[in-house]
Amino acid sequence: MRFRTVGPVLLFVALIVRPELDAQVRPVYDRGAAGLTQLLLRLSTTASVLHVGAHPDDEDSAFIARAARGDHARTAYLALTRGEGGQNIIGPELFDALGVIRTEELLQARRLDGGEQFFTRAYDFGFSKTRAETASKWNEQAVLEDVVRVIRAFRPLVVYARFTGTQADGHGHHQMAGYLTPIAFRAAADAERFPALTADALRPWQPKKLYVGGRGGGGGPAVQVATGAWDPALGRSYAEIAAEGRSQHKSQEMGTIEPLGPSSTSLRLAESLVSSGGTEQSVFDNIDVTLRGLARLTGLPDGAIATELAAMDDAVARAIREYRPGDPAAVVPLLANGLRATRAARSALRTLNVSPAATGEADFLLAHKEREFSTALVSFSGMVVDPLAERETVEAGGMIDVSVRTFAAATLARPPDVTLRTPDGWRATRLPDAAADAPGPRRETPAHVARFQVSIPEPATPTLPYFLASPRVGAMYVAGGAADLTRPFQAPVLEASLQFSIDGVPVTVSEPVLYRYADPVRGEIRRDVNVVPAVALGFESPLLVIPTGSIANRQRVSVHVTNLRRQPVNGAVALALPSGWTATPSTAPFALAGANERTLVTFDVTAPATRRPGSYPIAARATVGNVSYARDMQLIAYPHIQSHRLYTDASSTAQVLNLSVAPVHVGYIMGSGDAVPDALRRMNLRVTLLDDAALNTGDLSTFDAIVVGIRASEARPAFAANQVRLRQFMERGGTLIVQYQQGEYTAQNLPPYPAQIAGNSRVTDETAPVTMLAPQHAAFTFPNRITAADFDGWVQERNLYSFTSFDPRYTPLLEAADPGEAGQRGGEVYARVGRGHFVYTSYAWFRQLPAGVPGAYRLFANLVSLSKAPAGARTEPRTEPRTEPGIRTPN
């Protein structure tokens, strides 16, 4: 997306711009006296380090905090993926939506530990046991190119690989990250590699050192990085800060204690281009990262820009000595001198007759110092720039007002020059300058206010994460523009820039335009401004399950319509159906009066008697005047992260399949969040969600089956506390079906008979052959006869967190294995408990059922129907299992 600016432009200014979107967590360590101290200390060094891992949560958070806030180095974490293939303990979002949440959680962590954040185009397709499997799904060269892109753009002196590239890393993604990092370390310096990067003005770069995490790294010397050291300015140790940041990985349930006392990170030196000086005390040992050493570090001849560098260094040293927390403005003249010297050094570079590579590297570092001096100058002067929009969302074709407010500790010599950056095609009109807001209760008094009215064209692209703008190709995102390719999210849609002078030195401050509001409980909340369509619509259920039969089948289908603009909207919704299907009515009108008002329109969709098994698409379209809308909007909003909006086609799938289910009443104990209750309702079953009161005192005898959601043993204390009542439910004839849990489930002795979940026992290959160990069991014969075809078309994985050992009173029902591994029989087990039934099933129903996998519906229908199985149906295996057509049975 290209941008334009409205307002005057100065040519020779330092631009202060935030490298990332605002996170939701407040940057407590960047504020007040502690933040000002860090600004000064950061000015004194050119140190930089890039840390590389595979996922959110792989990072060595304590190292990042120590490097960024202790060594004051430019520090970044590069995660190959955004964690899309994991589970979500805080809500129902999976896949791409989960990747957005985890991207945000990384930003929250970086906001606390002080690092920056990068990614590659690789998509987390789920747990992988080998690098070979990972390589079969990722475009390895594209991922390597992205790592090289980050190295050339960030230009770190040190690279720290979290993993070794060996099987000791465990996860196949970890192995790939460890394998690619040393290759990228060398390839980043090779001008012949990845010519597209050179076209993007990313010159080759050779980092000075490569370290590998303490679990590997060969025989190189080790360095112990003291992460438990206490920082007097921050009032905490780096390990404490890191743990606070790590607790932001809430979707992974990673809240942790903030440890006190000594601790360290052990790194091994794998490659070095600098001379060794014996035992290292820091990863920057033997690299001159002082300001005066900048010329030699970048390859300039001795004495080049020495006067300017000395002036910069002297200004910083004096500012550090003379800074007093009670009077930060006293060092403003020193910082202004440092900024002048930095600009003089950049000008002097252009007069040197030396290699372009050396001047380019020197100018790269000096440009960073210019930004840092400018930031410090503004911060120490007490200047605050706060651009605010009147609301969080603006629809295509609408308008939004923006106020750019400046607060200054001292009176501005003259009003700042204010510009507003907007995307191409937008129109920003500067309104007449207004006096500062009148003082009064709950009012603010800025030194200057500039107001704009921004018009958004129709059509305008809704705001969504750039990496979701195009459909993925397999397990790789499609590359977007080079500016956003490895960033967490794209730049804000609106950004204000102010140009003014401090102590006679011109600076430019650039800040994103945000929406601010007061939550009655949480207080002030700030959100990014998003462009939205005028209308969003989508199906209440993205999936219909229709059994085969000989007569027409009618289903009630509901479509929600939301008004996303401030004016009333009227229109009509129509469905696009498969050939031979009909909808009554053919169109449904709607009228919405206000912003965010929502309504449902309903249709009776009739599938013909001649329907055959298969997937049939159904689409919805809303027409408002002469404009049509056909996309739904998913809002991702949690207290600890910024909100995001995702857009999908307004479509549903009718899955016609040969399905039978007993008329059972199902109670559902929700765990960390899944869509299985909706799947049960699609089978035309009565489903009741069991809250804590129902578990504690409710009449469980009204249910034929109770299904336990994923990770309920962690998310629902009432589930663990009511095992006696649930056992009584089974003993009296009920069926308890427990979906996958983690080790806490067996550690608390929650199963009816002893069992263990040790580690992460799973089958990751969703195409792995499945053996029915008891093919005559009712789980495979009533009311649906299960065949090999029912295990076709599965998504992401077969099972996860299976029983690794279990009491003989359990009957294993299924066996599966990843290639080259022994068969796993603890993925689904059955036991009689009194007159009832217990099933532990770690097969990934929470993924298969929402995806509409036909066999998953047939298999799960049999499980919930167990209590209705006829007396002749077996619930124990035959001594000699009979081979079903197309099904393997054990030898």
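The values are calculated or read from the model by the stated rules, or taken from the named source; none is laboratory data. Here the structure is a predicted model, which means the values were calculated and not measured. All Cβ positions, glycine included, derive from the backbone under ideal geometry; neighbour counts span all protein chains shown. Protein only, heavy atoms only, side chains kept; ligands, DNA and RNA dropped before computing areas. Shrake-Rupley method; radii C 1.70, N 1.55, O 1.52, S 1.80 Å.
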Candidates ALA460, ALA491, ALA482, filtered to the one that is more than 20 Å from ILE400 (Cα to Cα), assigned to a loop (DSSP other than H, G, I, E, B) and either open to solvent by 30 Å² or more (accessible area, probe 1.4 Å) or not polar (S, T, N, Q) (or both): ALA482
Residue in the range 199-207 that is at pLDDT 95 or above and either buried (at least 23 other Cβ atoms within 10 Å of the Cβ) or closer than 25 Å to ASP113 by Cα (or both) present: yes
Pick from the range 463-478, criterion in a loop (DSSP other than H, G, I, E, B), open to solvent by 50 Å² or more (accessible area, probe 1.4 Å) and of a type in the set (A, V, I, L, M), ranking: farthest from SER628 (Cα to Cα): VAL478
Candidates ALA844, ALA822, ALA816, ALA851, filtered to the one that is closer than 29 Å to ARG725 by Cα and aliphatic (A, V, I, L, M): ALA844
Pairs with Cβ under 9 Å, 6+ apart, first in the range 23-52 and of a type in the set (Lys, Arg), second part of a loop (DSSP other than H, G, I, E, B): ARG42/HIS72; ARG42/ALA73
Lone qualifier among ASP424, ASP386 - being touching a residue at least 60 places away in the same chain (Cβ under 8 Å), touching a strand residue (DSSP E or B) at 6+ places or on another chain (Cβ under 7 Å), within 30 Å of PHE154 (Cβ to Cβ) and surrounded by fewer than 16 Cβ atoms within 10 Å (Cβ to Cβ): ASP424
Residues (among the charged types (D, E, K, R) and either in a helix (DSSP H, G or I) or farther than 16 Å from SER263 by Cα (or both)) located in the range 231-246: GLU240, GLU244, ARG246
Selection count, the range 66-96, where residues are open to solvent by less than 10 Å² (accessible area, probe 1.4 Å), at pLDDT 95 or above and more than 24 Å from LEU267 (Cα to Cα): 3
Residue match in the range 394-413 (condition: open to solvent by 10 Å² or more (accessible area, probe 1.4 Å), free of Cβ contacts under 8 Å to residues at least 40 places away in the same chain and not in a loop (DSSP other than H, G, I, E, B)): no
Qualifying residue in the range 321-334 (condition: under 19 Å from THR46 (Cβ atoms) and either in a helix (DSSP H, G or I) or not hydroxyl-bearing (Ser, Thr, Tyr) (or both)): no
Set ARG186, ARG131, ARG193, ARG162: member being open to solvent by 40 Å² or more (accessible area, probe 1.4 Å), of a type in the set (D, E, K, R) and more than 30 Å from PHE364 (Cβ to Cβ): ARG131
Top-ranked residue of the range 165-183 - restricted to ones that are within 21 Å of VAL283 (Cα to Cα) and among the hydrophobic types (A, V, I, L, M, F, W, C), ranked as surrounded by the most Cβ atoms within 10 Å (Cβ to Cβ): ALA177
Complete set of residues in the range 848-891 that are modelled with pLDDT of 95 or more and charged (D, E, K, R): ARG858, LYS868
Enumeration of residues in the range 316-375 that are free of Cβ contacts under 8 Å to residues at least 40 places away in the same chain and of a type in the set (A, V, I, L, M): ALA330, LEU334, ALA341, ALA344, ALA367
Residues (among the aliphatic types (A, V, I, L, M) and either surrounded by fewer than 12 Cβ atoms within 10 Å (Cβ to Cβ) or over 30 Å from GLY85 (Cα atoms) (or both)) located in the range 246-285: ILE257, LEU260, LEU269, ALA270, LEU273, VAL274, VAL283
Selection within the range 762-801 - of a type in the set (Ser, Thr, Tyr), assigned to a loop (DSSP other than H, G, I, E, B) and surrounded by 18 or more Cβ atoms within 10 Å (Cβ to Cβ): THR764, TYR801
Members of the range 519-572 that are buried (at least 16 other Cβ atoms within 10 Å of the Cβ), small (Gly, Ala, Ser) and modelled with pLDDT of 95 or more: ALA536, GLY538, GLY571, ALA572
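Table: residues versus (1) open to solvent by 10 Å² or more (accessible area, probe 1.4 Å); (2) without any contact (Cβ under 8 Å) to a residue 60 or more places away in the chain; (3) on the phi > 0 side of the Ramachandran plot.
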| position | (1), (2), (3) |
| --- | --- |
| ALA654 | no, no, no |
| GLY667 | no, yes, no |
| PHE719 | no, yes, no |
| ASN722 | yes, yes, no |
| ARG725 | yes, yes, no |
| TYR745 | no, yes, no |
| ASN749 | yes, yes, yes |
| PRO754 | yes, yes, no |
Wholly within the range 612-710, strands (runs of 3 or more DSSP E) carrying at least 3 residues that are under 28 Å from the mean Cα position of the chain (by Cα): 631-636, 644-649, 651-657
Residue check, ALA758 among the small types (Gly, Ala, Ser), within 16 Å of ARG847 (Cβ to Cβ), within 30 Å of the chain's Cα centre (by Cα) and surrounded by fewer than 23 Cβ atoms within 10 Å (Cβ to Cβ): no
Residue match in the range 726-745 (condition: in a loop (DSSP other than H, G, I, E, B) and among the aliphatic types (A, V, I, L, M)): no
